[in-house]
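Read through the structure below, which is laid out as structure tokens, and then see the notes.
The values are calculated or read from the model by the stated rules, or taken from the named source; none is laboratory data. All values reported here derive from a predicted model rather than from experimental measurement. Cβ sites come from the backbone with ideal geometry, for glycine too, and all protein chains shown count toward neighbours.
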Amino acid sequence: QLKACLFDLDGVVVDTAQFHYAAWKSLANQLGFDLTPEQNEQLKGVSRMESLDIILEIGNVKLDEGTKQRMAAEKNQHYLELCQQMTPEDVLPGVRDFMDQLVAASIKIGLGSASKNARLILAHINMLDRFATIVDGTRITKGKPDPETFLLGAQDLGVEPTDCVVFEDAVAGIQAAKNGGMVAVGVGDPAVLAGSNLVITGFEDLSLATIQYLFE
Ligand code: B16
Ligand code: MG
């Protein structure tokens, strides 16, 4: 029975995925190679340092630990600069309406993000108080596809993982939800998000009944 919905942040609630991509791409370019949108899919939902490792592998570049820390910090600074322009209007279409349906049906709402910037982003879009719990990159020890992010969220909300739906735009996130025994709804391209119980292109016109149907 559906009791809680756990939302990923980047790429689900707000389109910060484009800013992450732009910041990583410019770092790759600086190192002398390109980062394609396909390669970028591997970075979604993955922590900052793990993302950097994947990028360095793509470019076949080896860096010492100190340089890696500096590059990650530079990427984050660039990312945050891009995020400065964000306002409540940048919340993806239909997200607020869908959450209103959840509230009306007494279904709990939580956030499950790998990002250490999650609270800052939520403040920009004025959504900090929409979530009964916020699990972000500062709270977890094992990133997606490990289920820790979402299991902590379910625990905070006092619900069983099997009573939760996870909304995710990342392959790693869908795997994390499945690994945690939750229903996984992909937000994006069905070809990329194989393994989801359902893939939606966005929240516009999504009715709660469609999600509840997944529990029958
Ligand atoms: P930060 P999500 C993830 O957020 C992003 O998808 C991923 O691209 C990013 O590397 C990760 O957060 C860490 O973000 O550098 O801000 O700590 O999709 O799990 O909400
Ligand atoms: Mg995401």
*asked:* So, in the range 123-158, exactly how many residues are closer than 18 Å to Lys44 by Cα and among the hydrophobic types (A, V, I, L, M, F, W, C)?
replied: 3
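Do we have Val91 as within 16 Å of ligand 2 (Cβ to nearest atom), modelled with pLDDT under 95 and either within 18 Å of Ser115 (Cα to Cα) or crowded, with 17+ Cβ neighbours inside 10 Å (or both) here? Outline the logic, then answer.
On the way: within 16 Å of ligand 2 (Cβ to nearest atom): yes; modelled with pLDDT under 95: no; either within 18 Å of Ser115 (Cα to Cα) or crowded, with 17+ Cβ neighbours inside 10 Å (or both): yes.
Considered against the rule, which asks whether it is within 16 Å of ligand 2 (Cβ to nearest atom), modelled with pLDDT under 95 and either within 18 Å of Ser115 (Cα to Cα) or crowded, with 17+ Cβ neighbours inside 10 Å (or both), Val91 comes out as no.
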*Considering the range 117-141 alone, what residues qualify as being under 14 Å from the mean Cα position of the chain (by Cα), outside any loop (DSSP other than H, G, I, E, B) and crowded, with 19+ Cβ neighbours inside 10 Å?*
Ala118, Ile121, Leu122, Ile134, Val135
*Here are some residues: Ala191, Ala114, Ala154. Which one is away from ligand 1 (no atom under 14 Å from the Cβ), within 24 Å of Glu50 (Cβ to Cβ), hydrophobic (A, V, I, L, M, F, W, C) and part of a loop (DSSP other than H, G, I, E, B)?*
Ala191
_Residue list for the range 15-45, restricted to those being among the β-branched types (Val, Ile, Thr) and more than 9 Å from ligand 1 (Cβ to nearest atom)_ = Thr36
*Please find, among Ala23, Ala72, Ala28, the residue that is touching a Phe, Trp or Tyr at 6+ places or on another chain (Cβ under 8 Å) and either within 16 Å of ligand 2 (Cβ to nearest atom) or part of a helix (DSSP H, G or I) (or both).*
Ala23
*Output for the range 120-151, where each listed residue is out of contact with any Leu (no Cβ under 7 Å at 6 or more places or on another chain), within 12 Å of ligand 1 (Cβ to nearest atom) and over 24 Å from Gly181 (Cα atoms)*: Leu120
_Under 6 Å between Cβ atoms, which residue pairs at least 6 apart in sequence (or on different chains) link something in the range 35-53 that is in contact (Cβ under 8 Å) with a residue 40 or more places away in the chain and farther than 15 Å from Gln18 by Cβ with a partner that is in a loop (DSSP other than H, G, I, E, B) and more than 11 Å from ligand 2 (Cβ to nearest atom)?_
Ser47/Gly143
